[in-house]
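Each value in this text was obtained by applying a stated rule to the coordinates, not by laboratory testing. Keep in mind that what you see is a predicted model, and the values were worked out from it rather than measured. Don't worry about glycine lacking a Cβ; one is built from the backbone with ideal geometry, like all the others, and counts go over all protein chains shown.
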Amino acid sequence: MPRMSRRSRSLRRIKKKLPGGSTKLVYAKRQPGTTKCSICHIELKGIPRMRPFEARNMAKTKKRPERAYGGFLCANCLREKLKQEARQS
Ligand SMILES: [Zn+2]
C-alpha cells in the first residue's frame with residue numbers, strides 16, 4: 001500500500017520504464033493551468049504551462065510576449081485598450 005500522501009489523486013501517476021524492462025510507478029505534480037486574459041478570460045498564446053522551478057531557468061523572453069501588457073491581456077483586448085487610452089488623452 002502506498003503511503004498516505006500518495007493515495008490522493010492530487011499527484012499524477014506516471015508508469016516509468018526502467019533500464020531492466022520493468023515499470024515503476026512515479027508520482028509527479030500536475031501541470032498548472034493556462035494563463036488567461038484578465039479582461040475576456042480567453043487562453044493566452046505564447047505562454048508555456050510550467051511550474052515555478054521550470055520557469056526559474058527559462059529566459060524571460062520565452063515566458064510571455066514582448067509587448068505592452070504581454071502575458072496579461074490578449075491581442076484583441078490590448079488593441080481595444082490602446083484605442084481607449086488614445087481617445088482619453
Ligand atoms: Zn482578452
* Once the Cα atoms of helix 75-88 and of the chain are each reduced to a long axis, what angle between those two axes, in degrees from 0 to 90 to the nearest 10, is obtained? -> 30
* Percentage of interatomic Cα-Cα distances in the chain larger than 16 Å -> 69
* To do: Find, among the trypsin sites (Lys or Arg not before Pro) in region 6-44, those assigned to loop by DSSP (not H, G, I, E, B) with at most 14 other beta-carbon atoms within 10 angstrom.
  => Arg7, Arg9, Arg30
* Pulled fully out, how much extra length does the chain show between Thr61 and Arg6, if you take 0.36 nm times their separation in residues and subtract their Cα-Cα distance? -> 16.2 nm
* Considering only Met58, Phe72, Leu82, whose Cα is most displaced toward the positive end of the charge dipole of region 32-89, charges sitting on Cβ of Lys, Arg (+1) and Asp, Glu (-1)? -> Met58
* So, with +1 on the Cβ of K and R and -1 on the Cβ of D and E, and no other charges, what is the size of the charge dipole of the chain about its Cα centre, to the nearest 20 debye? -> 720
* Sparse-neighbour loop sites [GluC sites (Glu not before Pro); region 11-73; at most 14 other C-beta within 10 Å; DSSP] -> Glu66
* Return the distance in nm (one decimal) between the two label points of a simple spin-label model at Lys29 and Ser89, each offset 7 Å from Cα along Cα→Cβ. => 4.0
